[in-house]
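One structure is given below, encoded as structure tokens.
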Amino acid sequence: MLRKNRLFTPGPTPLLPAAQSAMASSAMHHRTAEFRALFSRVLSDMKEFIGTTNDVLVLSSSGTGVMEGSVSNLTSPGDKVLVLTAGKFGERWRDLAKAFGCVVELVSADYGETFSLDEVRQKLTAEIRAVYVQATESSTGARHDIQSIAKLVRATGNQTMLVVDAITGLGTTDFDVDGWGIDIIIGGSQKALMIPPGLSYCAVSERAWNRMESAKCPRYYFDFRKERKAAAKGESSYTPATSLFAGLAAALEFIRQMGDGDLKAGRRALVNNAELAAEMTRAGAKSLGLKLFAESSPAAALTAIQSPTGVDSGAIVKEFRESFAAVVANGQGEMKGKLFRIAHLGYYDYLDTVGILAALEQVLATVTAKPINYGAAVRAAQEVYSQAAAKKQPVGARVAPLTGS
């Protein structure tokens, strides 16, 4: 049969056709009035997408670049910081903080689990200058309780910065950035925003801007103050990824139309889409007798599924690719070979969800050589969808048909 390449990974994700067209046709120079207008419009729209009144920066880098900047701009060598880690990306916060000479306190949880709030409270002493945490730990499929963590941090006063890696969380999870008091929240272009890797973004509180005036860690490319000054003029400090900005503008317009012209409503629809697809995927996996990896606190961005006993998850990943040209993600670090991850973010809908579950049935039949109840996963997913529709809950994004692209 014909095989169409499809991404079911937590980044990169399926691309929005309108964004692809915008990127292909973009030929702007970055020091022109035309690009300044585009740049300024994107920054304004990004505030609505994130849900903040704080300044937003969009930089040409992977998400890790802004993670690094969130350490270098807020800390000085010797500062004590608290890192909450339960997976590979929490470990990245730990390593970044150590690289800039911070003294790292840790609250750790097992892969697939989330943190003890009592332990976080105990570690939040007056000496802690910043707290670094994931919203979604995409290496395990777990979602952390950022609202409760933020409440603990803000109870300590305004001297402790809260930095949230929401690279896979924004567009799949609701955040009250300003209300909860998040000082820096980070996102990436290749996730829910449906465009390729290459742009990272963050919203920065006034508390964080004030901290930067006294922070002593070295910074150059990721000097947020320099970017803020340039952004006020509709520019970036250095050459931006101009085509990606054109794609980002198209993606934000698409999300706006998901909300009938209201970008905030479109963001809500995008989150609903991910939440429902995740619930459908979990139901489908369970119907096949599979165990979820982060069952106690599952993310909406992706679902981590334990490999059947005696089966290396690498064999499942390989079979998806070889039989269906579908790319799912293996486990990372100590979980490699033990789980596989199916993402449901980006340009992703009901039919993608049903299709990957149908393929999962075929894949399991091949790698386990055991009888499979064909249709069970699809049926379970359809029942979830139908129940949501019957309750008149949002059941995904409704947008006008694409034209002219």
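The values are calculated or read from the model by the stated rules, or taken from the named source; none is laboratory data. All values derive from a computational prediction rather than experimental measurement. A quick note on method: Cβ atoms are made from the backbone with ideal geometry, for glycine too, and the neighbour counts reach across all protein chains shown.
Structure data summary
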read-out: Leu288 over 19 Å from the mean Cα position of the chain (by Cα), closer than 21 Å to Tyr385 by Cα and not aromatic (Phe, Trp, Tyr); value: yes
read-out: Residue count, the stretch 377-395 (criterion: crowded, with 17+ Cβ neighbours inside 10 Å and outside any loop (DSSP other than H, G, I, E, B)); value: 8
read-out: Search result, residues across the stretch 163-180 that are in contact (Cβ under 8 Å) with a residue 60 or more places away in the chain and in a loop (DSSP other than H, G, I, E, B); value: Ile167, Thr168, Gly169, Gly171, Thr172, Asp174, Phe175, Asp176
read-out: Conditions (1) assigned to a loop (DSSP other than H, G, I, E, B); (2) in contact with a strand residue (DSSP E or B) (Cβ under 8 Å, 6 or more places away or on another chain); (3) closer than 30 Å to Leu16 by Cβ: number failed by Tyr348; value: (2)
read-out: Residue, nearest to Ala365 (Cα to Cα), within the stretch 300-322, restricted to residues that are in contact (Cβ under 8 Å) with a residue 60 or more places away in the chain and not hydrophobic (A, V, I, L, M, F, W, C); value: Pro308
read-out: Yes/no for Ser205 being over 23 Å from Gly11 (Cβ atoms), hydroxyl-bearing (Ser, Thr, Tyr) and crowded, with 20+ Cβ neighbours inside 10 Å; value: yes
read-out: Test: residue in the stretch 46-57 that is in the same structural domain as Ile185 (by TED's automatic domain parsing), loosely packed, with under 15 Cβ neighbours inside 10 Å and touching a residue at least 60 places away in the same chain (Cβ under 8 Å); value: yes
read-out: Check on Val354, over 30 Å from Ala250 (Cα atoms), assigned by TED's automatic domain parsing to the domain that holds Ala277 and of a type in the set (A, V, I, L, M, F, W, C); value: no
read-out: Out of Glu127, Glu68, sole residue that is touching a strand residue (DSSP E or B) at 6+ places or on another chain (Cβ under 8 Å) and touching a residue at least 12 places away in the same chain (Cβ under 8 Å); value: Glu127
read-out: Single match in Ala208, Ala215, Ala203 (criterion: closer than 19 Å to Ser44 by Cβ, of a type outside the set (Lys, Arg) and in contact (Cβ under 8 Å) with a residue 60 or more places away in the chain); value: Ala203
read-out: Some residue of the stretch 17-31 being outside any loop (DSSP other than H, G, I, E, B) and basic (Lys, Arg); value: no
read-out: Spans of strands (runs of 3 or more DSSP E) in the stretch 69-158 with at least 2 residues more than 18 Å from the chain's Cα centre (by Cα) and farther than 26 Å from Trp209 by Cβ; value: 103-108
